[in-house]
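Reading through the structure tokens given below for one structure.
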């Protein structure tokens, strides 16, 4: 009898066990062969695999003796400190994401006229081919927005008259189009899921040409299309802070690796999306929100000792998902602070006051204060630990009433800017195909003739 498509049959389980039994690679073998797992050395520093001008992360400084010491985290887009970039637009009546995209793509800050023209181009490209939403999204609804987003990106290849042309003008055109339509693909995918899997009413809004990326996201997502200026400004800020984060993060490195093969833009971006979907990369802010929901059900959130005890149980694997983690803390590079988290924290307070989330905001502040102390008591740490961008972005998305199914797609809506800049940089530098080495540790074994096998 034909088995169900997704069923794991007894035969498959048996063969999976066989595969596991025949895997003999042990953790100590990586040290023996001097292999840096995750491309990070024993001190946690990334193994250098390339050069980039797109962005830089600074987490260490040099003291008077020449020793490397942790410092407050800094993030630079094309040499411009992100803190300064944010100060340049946040206090004023304008949005910053489109300016950040221009900076990342073209390595210079735009003039007012250049930004006006670039924003107009993004708006002109912000539409999908005829019947695309019906045929590619509504007719094949899925439960995972990232998978639908990847599928949609690959489907756009068929609508492109020059999909495999990797000249810089054509790749730039493709990247700008994808930056423009990612909000549509993400929100429409969610509306499809909401209708077909949650039995909710279906509505599809068209983007407004006069709206920014952040404004259009809120307009597309909400049935009445309404939002406050503060909501749009905070979402815009979150997009700016998620737009890029160095060439070594998993999805951006994936973009470099796949682009180095000479493949098309749609395939490279789909590969990056597959990386970002992974819970070790793009899904951490969902875990933060879920952790806080569990905390609120488990302890008195007004009792600092109760909160400390809960955090301790998290690290002991006795609370929430029992993974032994306090989600939203620590980073592969930053130590004393994550600049993106610092900026979001400052803005989260005003949003909490507008949306009536003051108590929850205060809880986040309390955890941000206590968690590093608990981690220092429970873990051996070789550098400082602090709240990262996922800690506050989850709170902000919750206050904006954004569904958790869209948390990671929103990350992609922002990060497509960085992926695009790195793909173009990889092509411009015309490097070799990225092809690292693996050491084979499997002993040789003789071939046994068919009739002699047991």
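The values are calculated or read from the model by the stated rules, or taken from the named source; none is laboratory data. Note that the structure is a prediction, hence the values are computed from the model and not measured. Cβ coordinates were reconstructed from backbone atoms using ideal geometry, including for glycine residues, and neighbour counts include every protein chain displayed.
Scanning the stretch 234-246 for residues that are closer than 17 Å to residue 417 by Cα and at pLDDT below 95 turns up at least one hit. If you go through the stretch 228-262 and pick out every residue that is surrounded by fewer than 20 Cβ atoms within 10 Å (Cβ to Cβ) and closer than 27 Å to residue 353 by Cβ, you end up with 3. Of all residues in the stretch 271-293, those that are over 20 Å from residue 245 (Cβ atoms) and touching a residue at least 12 places away in the same chain (Cβ under 8 Å) total 4.
Screening residue 443 with (1) closer than 24 Å to residue 198 by Cβ; (2) out of contact with any helix residue (DSSP H, G or I) (no Cβ under 8 Å at 6 or more places or on another chain) gives one miss only, at (1).
When you go through 34, 87 one by one, which is the residue that is out of contact with any strand residue (DSSP E or B) (no Cβ under 7 Å at 6 or more places or on another chain) and within 25 Å of residue 248 (Cα to Cα)? Exactly one of 34, 87 is out of contact with any strand residue (DSSP E or B) (no Cβ under 7 Å at 6 or more places or on another chain) and within 25 Å of residue 248 (Cα to Cα), namely 34.
Against the list (1) closer than 26 Å to residue 37 by Cβ; (2) surrounded by 16 or more Cβ atoms within 10 Å (Cβ to Cβ), the condition residue 311 fails is (1). Listed residues 176, 137, 204; which is in a helix (DSSP H, G or I) and over 16 Å from residue 264 (Cβ atoms)? Going through 176, 137, 204 in turn, the sole match is 137.
Quick check: is even one residue across the stretch 328-340 at pLDDT below 95, surrounded by fewer than 16 Cβ atoms within 10 Å (Cβ to Cβ) and under 22 Å from residue 301 (Cα atoms)? No, the conditions are met nowhere in the stretch 328-340. Screening residue 448 on (1) part of a helix (DSSP H, G or I); (2) surrounded by fewer than 24 Cβ atoms within 10 Å (Cβ to Cβ); (3) modelled with pLDDT of 95 or more shows it passes everything except condition (1). Name the helices (runs of 4 or more DSSP H) wholly within the stretch 348-432 that hold at least 1 residues that are surrounded by fewer than 18 Cβ atoms within 10 Å (Cβ to Cβ)? In the stretch 348-432, 358-378, 407-428 are the helices (runs of 4 or more DSSP H) which contain 1 or more residues that are surrounded by fewer than 18 Cβ atoms within 10 Å (Cβ to Cβ). Does the stretch 5-19 contain any residue that is touching a residue at least 60 places away in the same chain (Cβ under 8 Å) and surrounded by fewer than 11 Cβ atoms within 10 Å (Cβ to Cβ)? For the stretch 5-19, residues touching a residue at least 60 places away in the same chain (Cβ under 8 Å) and surrounded by fewer than 11 Cβ atoms within 10 Å (Cβ to Cβ): absent.
A single entry from 334, 327 fulfils the requirement of being in contact with a strand residue (DSSP E or B) (Cβ under 7 Å, 6 or more places away or on another chain), within 19 Å of residue 285 (Cα to Cα) and part of a loop (DSSP other than H, G, I, E, B): 334.
Residue 172 falls short of the stated requirement of being within 18 Å of residue 213 (Cα to Cα) and either touching a helix residue (DSSP H, G or I) at 6+ places or on another chain (Cβ under 8 Å) or surrounded by 14 or more Cβ atoms within 10 Å (Cβ to Cβ) (or both). Residue pairs whose Cβ atoms lie under 7 Å apart, separated by 6 or more positions or on different chains, with the first residue in the stretch 49-65 and more than 19 Å from residue 257 (Cβ to Cβ) and the second exposed (fewer than 15 other Cβ atoms within 10 Å of the Cβ) and at pLDDT below 95, are 60/68; 60/69; 61/69; 62/68; 63/69. For residue 151, indicate whether it is over 19 Å from residue 420 (Cα atoms) and in the same structural domain as residue 172 (by TED's automatic domain parsing). Taking the combined requirement at face value, the residue does not satisfy it. Of the candidates 102, 157, the single residue that is in a helix (DSSP H, G or I), in the same structural domain as residue 190 (by TED's automatic domain parsing), without any contact (Cβ under 8 Å) to a residue 60 or more places away in the chain and surrounded by 15 or more Cβ atoms within 10 Å (Cβ to Cβ) is 102. Determine whether the stretch 57-64 contains at least one residue that is modelled with pLDDT of 90 or more, assigned by TED's automatic domain parsing to the domain that holds residue 423 and touching a strand residue (DSSP E or B) at 6+ places or on another chain (Cβ under 8 Å). No, that holds for no residue.
Among the residues of the stretch 118-143, the ones that are more than 24 Å from residue 211 (Cα to Cα) and surrounded by 15 or more Cβ atoms within 10 Å (Cβ to Cβ) come to 4 in all.
The conditions of being at pLDDT 95 or above, out of contact with any strand residue (DSSP E or B) (no Cβ under 7 Å at 6 or more places or on another chain), surrounded by 15 or more Cβ atoms within 10 Å (Cβ to Cβ) and not in a loop (DSSP other than H, G, I, E, B) are met by residue 115.
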